[in-house]
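Here's the structure we're looking at; comments come further down.
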Amino acid sequence: MINSRSITDLHPEFRKLCISFIADYEMETGLKLLITCTLRDNLAQEALYEQGRTKPGHIVTNAKPGSSFHNYGLAMDAYPMISGKPLFQATDSHGNLLKEWADFGRIAKRHGLAWAGDWTGSLREYAHVQAANVTLAQLQKGTQIA
């Protein structure tokens, strides 16, 4: 089962975007980013999908195996680090997006990445960015990206 945190496991073109995004985020904010997931194989995706459904825990994804950009090396999850700890909380007590996450999304989009903090619905993922130049349907058909 593969559930990588290594940026080297990303698709080469997507990796370039992520490297420049990380560098700009860290330079502009003064905060480091902790990468928690890059490439994930279908077995790891299935285990995540089963969480909260057929296995204990909360539902953390609606993506079945083969339905996540992580399965193609075209997604990355990363968290801003505050005083050496990842910032998991995305909003303040009033529901307002924290500056660290607003910056994350703004800078990611500036680098041509799709930010899952813009998603609507119950599983908005502030730590998730993915390729914006390809659709899941294209990936599932085996379309190559440049």
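Descriptive notes on the structure:
- Filtered residues of the range 90-146 (kept if closer than 23 Å to Q51 by Cβ, in contact (Cβ under 8 Å) with a residue 60 or more places away in the chain and among the basic types (K, R)): none
- The single condition among (1) buried (at least 16 other Cβ atoms within 10 Å of the Cβ); (2) under 25 Å from G121 (Cβ atoms) that H11 does not meet is (2).
- Scope the range 62-100; condition surrounded by 15 or more Cβ atoms within 10 Å (Cβ to Cβ), touching a Phe, Trp or Tyr at 6+ places or on another chain (Cβ under 6 Å) and under 23 Å from N133 (Cα atoms); matching residues: L74, A75
- Among the residues here, M1 qualifies as more than 18 Å from E125 (Cα to Cα) and either touching a helix residue (DSSP H, G or I) at 6+ places or on another chain (Cβ under 7 Å) or not in a helix (DSSP H, G or I) (or both).
- Boolean, Q130 is within 25 Å of P12 (Cα to Cα), part of a strand (DSSP E or B) and not acidic (D, E): yes
- Residue selection: G66 fails the criterion of being touching a strand residue (DSSP E or B) at 6+ places or on another chain (Cβ under 8 Å) and part of a loop (DSSP other than H, G, I, E, B).
- Hey, H58 surrounded by fewer than 16 Cβ atoms within 10 Å (Cβ to Cβ), of a type outside the set (A, V, I, L, M) and over 30 Å from A137 (Cβ atoms) or not: no
- Of residues in the range 15-46 being loosely packed, with under 15 Cβ neighbours inside 10 Å and hydrophobic (A, V, I, L, M, F, W, C), the one farthest from the chain's Cα centre (by Cα): M27
- Scanning the range 72-98 for residues that are in contact with an Asp or Glu (Cβ under 7 Å, 6 or more places away or on another chain) and under 25 Å from P12 (Cβ atoms) turns up just one, G73.
- Filtering the range 79-117 to residues that are in a helix (DSSP H, G or I), in contact with a Pro (Cβ under 7 Å, 6 or more places away or on another chain) and within 21 Å of V60 (Cα to Cα) leaves only F104.
- Of all the residues in the range 43-70, those that are over 11 Å from N3 (Cβ atoms) and either touching a residue at least 12 places away in the same chain (Cβ under 8 Å) or in contact with a His (Cβ under 8 Å, 6 or more places away or on another chain) (or both) number 15.
- Within the range 10-33, residues that are in a helix (DSSP H, G or I) have Cβ atoms under 7 Å from residues that are modelled with pLDDT under 95 and not β-branched (V, I, T) in these pairs: E13/A146, counting only partners at least 6 apart in sequence or on another chain.
The values are calculated or read from the model by the stated rules, or taken from the named source; none is laboratory data. All of these numbers come straight from a predicted model, not from anything done at the bench. Every residue, glycine among them, receives a Cβ derived from its backbone with ideal geometry; neighbour counts consider all protein chains shown.
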